[in-house]
Amino acid sequence: MQHSEALFKQAETLMPGGVNSPVRTFGSVGGTPLFMERGEGAFVTDADGVSYLDFCGSWGPLVLGHRYPEVQAAVEDVVSRGWTFGTPVKEEVALAALVVEKLRCVDMVRFVNSGTEAVMSTLRLARGFTGRDHVLKFSGCYHGHVDCLLVEAGSGLATFGTASSAGVPADFARLTATMPLDDLSGLEQLFVEMGDKLAAVIIEGVPANNGLLIQTSEYVTKLRELCTAHGCLLVFDEVLSGFRMPEVMAYEHYGVTPDLVVLGKVIGGGMPVGAYGGRRDIMQHVSPLGSVYQAGTLSGNPVAMAAGYATLKAYFETDVPTRIEVLGNHLETGVNKVLADVPGLGFVRLGSLFWFYFGRSEAPRSAANIDGSGAAIFARLHRFMLNEGMYLAPSSYEVGFLNTAMTEANLDTFIAALAKAKKEGMFL
Ligand code: PMP
């Protein structure tokens, strides 16, 4: 802790909260954030030389674990030739071709530098394409810090958003309607009231930024039908869910076809990359082909593109979804055994994503059904697991990530640590 604590003290004087992204502060679990210095496969090592089994994986990109040899080699190869030119490069063509080949819903793709940027550009495109201004999002879904999506629901249906961050003009928030997830009749009612005004409905492929709120196929299919009937675009934000599902993408998991898909995290292999893609007739509205402007100095830079390409190539060639399912089942079986006699603590998993929920017998499907009082138990558990060498994301609302560098034996150490936590009364 010593070195991390000293670094954090200095960081706090230099950067707001000492961090460059808020949840890194350990604000909701207490204590000092750990400064990581090395990654190797399934493990990270902090500034004090302590190693942890890493269930955060840089918040999702590292589906192959840290420093996967082919990814590292691809990055080193590019860097040895120069790392940015501001011209087209072959690496972006290679990654685009792979994305278009593998993703049924993507005819054309545009690369940007973050998930936020990709979402922002997607909504501009949806608005430019439809000529409409309003969008609908769901409470509990996070789509990056795009102004018009930093809104929360008021009560009732078709609520016009109020900003959940200072600095978002009320006029921006006004264009965003918000609905609870998993409310079919509410959704139908909303479309009656304002479906024809909506440029887009944006939903996280599988909502996983506020717990893991797995939707039913019935609900998502109905959402698709309503969008089609009202000429509004269905946008799947798969920044987090993409390449994390047994079926690769969440839209395949539900069996629906979105009009536009937002990508990030895994497609950059740990480099700063976002992307959006979808139907050709829509994507042709993006500049320079069309009138929806969007650009970027470092977009499609060869280092990020090479890391993403090497990651996706290995992902498909080594059949990551199948391996993850084996690992996931192993974890799930072991954890459920430990939690069988712990009332009020549940475990839900889909593909390589998992989450602990509190106070319910069934995993919640909407933000309103999350029992927030579990946060105090999670804070204790988080600290306990750190001491056991397990690095979980520092919030009860964040999911855990599995990667293929993990082994069954690694997961057994996690299960054993959880059993020890139970024995020591962490869940009481
Ligand atoms: N959309 C989703 C679903 C996300 O999970 C995230 C990041 N967690 C974003 C958008 C924003 O991505 P970024 O942090 O790269 O801007």
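The values are calculated or read from the model by the stated rules, or taken from the named source; none is laboratory data. As the structure is a prediction and not an experimental result, all values here were calculated from the model. Cβ coordinates were reconstructed from backbone atoms using ideal geometry, including for glycine residues, and neighbour counts include every protein chain displayed.
From the set of residues in region 55-103 that are of a type in the set (Lys, Arg) and in a helix (DSSP H, G or I), which is nearest to Glu247 (Cα to Cα)?
Lys102
Every residue, every condition in (1) within 16 Å of the ligand (Cβ to nearest atom); (2) surrounded by 13 or more Cβ atoms within 10 Å (Cβ to Cβ), yes or no:
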position	(1), (2)
Ser21	yes, no
Phe35	no, yes
Asp54	no, yes
Val63	yes, yes
Arg67	no, yes
Val75	no, yes
Lys90	no, no
Ala94	no, yes
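Restrict the check to region 296-312 and report whether at least one residue is within 26 Å of Leu411 (Cα to Cα), in the same structural domain as Pro180 (by TED's automatic domain parsing), of a type in the set (Val, Ile, Thr) and modelled with pLDDT of 95 or more.
Taking every residue of region 296-312 in turn, at least one turns out to be within 26 Å of Leu411 (Cα to Cα), in the same structural domain as Pro180 (by TED's automatic domain parsing), of a type in the set (Val, Ile, Thr) and modelled with pLDDT of 95 or more.
What are the pairs, 6+ residues apart or on separate chains, where a residue within region 199-217 that is within 14 Å of Glu238 (Cα to Cα) and assigned by TED's automatic domain parsing to the domain that holds Val261 has its Cβ under 6 Å from a residue that is within 9 Å of the ligand (Cβ to nearest atom) and assigned to a strand (DSSP E or B)?
Every condition considered, the pairs that remain are Ile202/Asp237; Glu204/Asp237.
Restricting attention to region 1-26, and to residues there that are in a loop (DSSP other than H, G, I, E, B) and touching a residue at least 12 places away in the same chain (Cβ under 8 Å), which single residue is nearest to Ala393 (Cα to Cα)?
Ranking the candidates gives Phe26 first.
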